[in-house]
1. Looking only at residues that are over 12 Å from the mean Cα position of the chain (by Cα) and part of a strand (DSSP E or B) in the stretch 68-87, which one is surrounded by the most Cβ atoms within 10 Å (Cβ to Cβ)?
2. Given (1) touching a Lys or Arg at 6+ places or on another chain (Cβ under 8 Å); (2) closer than 18 Å to S28 by Cβ; (3) of a type outside the set (D, E, K, R), where does Q73 come up short, assuming only one miss?
3. What are the residue pairs meeting all of these: first residue in the stretch 39-65, first residue without any contact (Cβ under 8 Å) to a residue 12 or more places away in the chain and on the phi < 0 side of the Ramachandran plot, second residue outside any loop (DSSP other than H, G, I, E, B) and surrounded by fewer than 16 Cβ atoms within 10 Å (Cβ to Cβ), Cβ atoms under 7 Å, and 6 or more apart or on different chains?
4. Report whether or not R65 is surrounded by 14 or more Cβ atoms within 10 Å (Cβ to Cβ) and out of contact with any strand residue (DSSP E or B) (no Cβ under 9 Å at 6 or more places or on another chain).
5. Of all residues in the stretch 88-139, which are more than 30 Å from R56 (Cα to Cα) and either touching a strand residue (DSSP E or B) at 6+ places or on another chain (Cβ under 6 Å) or part of a strand (DSSP E or B) (or both)?
6. Which numbered condition trips up K112, out of (1) under 26 Å from S28 (Cβ atoms); (2) charged (D, E, K, R); (3) modelled with pLDDT of 85 or more?
7. Of the numbered conditions (1) at pLDDT below 95; (2) touching a His at 6+ places or on another chain (Cβ under 8 Å), T64 satisfies every one except a single condition; which is it?
Amino acid sequence: MTRPHIYLAAVLFLAPVALAAQTASSWSGVIVSSACNADEAFNESPECKKNVPGARLALYDDTTRVMYTLEPQKSVTAHLGDTVTIRGTLNEDTIQVASVQFMAIGLAVGDKAPAFSLHDQFGHPQTLDTLKGSNGTVLLFFRSADW
């Protein structure tokens, strides 16, 4: 292979890799201080939600138990301790933040649950009607568990 062909092959191979690293996406989790680690964030340590001098803010993704550095910091400083969805691009372990939105979790008290059908642990379909009790129903959905 001649030298120009090697360069062309390298460019054609590396261009998709470079573009994939910059693909826009979204991540959800809690904005925490980088002074705590993923285990502390998972255990919801109050220390993770404190403004620590010299520490940076990070996104703790509780579904993957990964901490991401956030840039620019000024875009997230008002959200320490908040559960949010971050949109942006990922470069190694740093998210270049394009937007921050509060993440709505669950229904408000008194709201009617939407119709649904899910399979239980035995494979039987369950709906809101099959789960209703005489005193009402409490449903708990969670994003992750550490069993």
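The values are calculated or read from the model by the stated rules, or taken from the named source; none is laboratory data. These numbers come from a predicted model, not from an experiment. Note: ideal-geometry Cβ built from the backbone for every residue, glycine included; neighbour counts use all protein chains shown.
1. L70
2. Tallying (1) touching a Lys or Arg at 6+ places or on another chain (Cβ under 8 Å); (2) closer than 18 Å to S28 by Cβ; (3) of a type outside the set (D, E, K, R), Q73 fails exactly one: (2).
3. E40/E47
4. Taking the combined requirement at face value, the residue satisfies it.
5. Hits for the stretch 88-139 are S117, L118, H119, D120, P125, Q126, T127, G133, G136.
6. (3)
7. (2)
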